[in-house]
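Here's the structure we're looking at; comments come further down.
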Amino acid sequence: MADEALITMEDVHVHFPVHCGVLRRKTLGVVRAVDGLSLVIHRGETLGLVGESGCGKSTAGRALLQLIRPTSGRVFFRDTPLTELRGEGLRRMRRHFQMIFQDPYASLNPRMTVGAIIAEPIRLHHVARGSAVQSAVQSLMQRVGLNPRFIRRYPHEFSGGQRQRIGIARALAARPEFLVADEPTSALDVSIQAQILNLLVDLRHELHLTYLFISHDLAAVRHMSDRIAVMYLGNVVELAPAAEIYAHPQHPYTQALLSAIPIPDPRAEQQRHRTVLHGDLPSPLRPPSGCPFHTRCPVALAHCATIAPLFKEYAPKHSAACHRLERSPA
């Protein structure tokens, strides 16, 4: 893994206004889906992004790729400010970064054959021309584990795992450097999930790819990631190398997430301590004051309700945002 910053997100906010009535004349407020997110993804690494449903993971990934325009903040691909690009300039840059969507059926055009789906980005980004396009499509199908003879079939003729392989082939068609994998296994059977994860690992090494791997499956994230960012209510609350965050989680939210991972040994499962969070994730329409986690935190301090903690490094390459860490000796 190189130290070169491939993707940089600086204080990114994504807010969605909530309107009332059919005519949408009255605004009730804004949903703060992403609220001041800053991240650096280095070339060649896989950064895992984890958190509960509704914490803003997918919105962050789409804002990174400019599929959703951030309300404020900046996103860079190397030194290119993606948030300042429009039209043709942004379209040319899209060759360098692509997305693997969560639902492999909804993300594929049911009226196009597999060959046409994979060929579209090849033609659009001028990766190949003429008869070389079909050869490139067949090569991609073979690379992701699909029989090239299925090139004229439609998405509904494939299983869920095969459709996700089609989605991966389409993402690779433009020969990108960076992929956002948005929960790529959550819609698949357990028996197929490991195959897709292993395929992504192999492709990363073969094609020298960089990933943002978004998931709520902590076991999958551990298998895939070099570093892990834990997200809560629109922002990152802890960031560290994967081995470090599993061995020494610092933030109470991270500790609660890790304690929920099932252990295959029944005796060990019964004897271990679980950190149980009470209550639901607060509404991003009206986020809590101070530390956003204080309403559910089992070890919250009095001032957690009024003062937001700083996101700081408390150990080498290990950062978190928690008032209790500020009180602990360095």
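Things worth noting here:
- Residue among Arg153, Arg175, Arg165, Arg149 that is under 30 Å from Glu52 (Cβ atoms) and of a type in the set (Lys, Arg): Arg165
- Any pair with Cβ under 9 angstrom, 6 or more apart, that starts in region 248-262 at a residue that is over 18 Å from Lys312 (Cβ atoms) and ends at one that is small (Gly, Ala, Ser): Leu257/Gly51; Ile261/Ala219; Pro262/Ala219
- Taking the conditions (1) in contact (Cβ under 8 Å) with a residue 12 or more places away in the chain; (2) closer than 29 Å to Gly160 by Cα; (3) touching a helix residue (DSSP H, G or I) at 6+ places or on another chain (Cβ under 9 Å) in turn, Ala219 satisfies each one other than (3).
- Across region 165-194, the number of residues qualifying as touching a Leu at 6+ places or on another chain (Cβ under 9 Å) and assigned to a helix (DSSP H, G or I) comes to 8.
- Cβ-Cβ under 6 Å pairs, at least 6 apart or on other chains, region 161-190 side of a type in the set (Asp, Glu), far side assigned to a helix (DSSP H, G or I): Glu177/His96; Asp182/Ser58; Asp182/Gly61
- Yes/no for Ser225 being within 14 Å of the chain's Cα centre (by Cα) and of a type outside the set (A, V, I, L, M, F, W, C): yes
- Pairs are defined by a Cβ separation below 7 Å, a sequence spacing of at least 6 or placement on different chains, a first member in region 300-312 that is open to solvent by 80 Å² or more (accessible area, probe 1.4 Å), and a second member that is part of a loop (DSSP other than H, G, I, E, B); the pairs so defined are Thr306/Ser289; Thr306/Gly290; Ile307/Gly290; Leu310/Ala321; Phe311/Ala321.
- If you filter region 161-194 down to residues that are surrounded by fewer than 16 Cβ atoms within 10 Å (Cβ to Cβ) and more than 28 Å from Val40 (Cα to Cα), you find that the one that is farthest from the chain's Cα centre (by Cα) is Ser191.
- Filter result for Leu207 (crowded, with 18+ Cβ neighbours inside 10 Å and either more than 17 Å from Leu281 (Cα to Cα) or not charged (D, E, K, R) (or both)): no
The values are calculated or read from the model by the stated rules, or taken from the named source; none is laboratory data. Because the structure is predicted, anything quoted here is derived from the model rather than measured. For neighbour counting, all protein chains shown are included, and Cβ atoms are generated from backbone atoms with ideal geometry for every residue, glycine included. Surface areas here come from the heavy atoms of the whole protein model, side chains and all, with no ligands, DNA or RNA. Shrake-Rupley method; radii C 1.70, N 1.55, O 1.52, S 1.80 Å.
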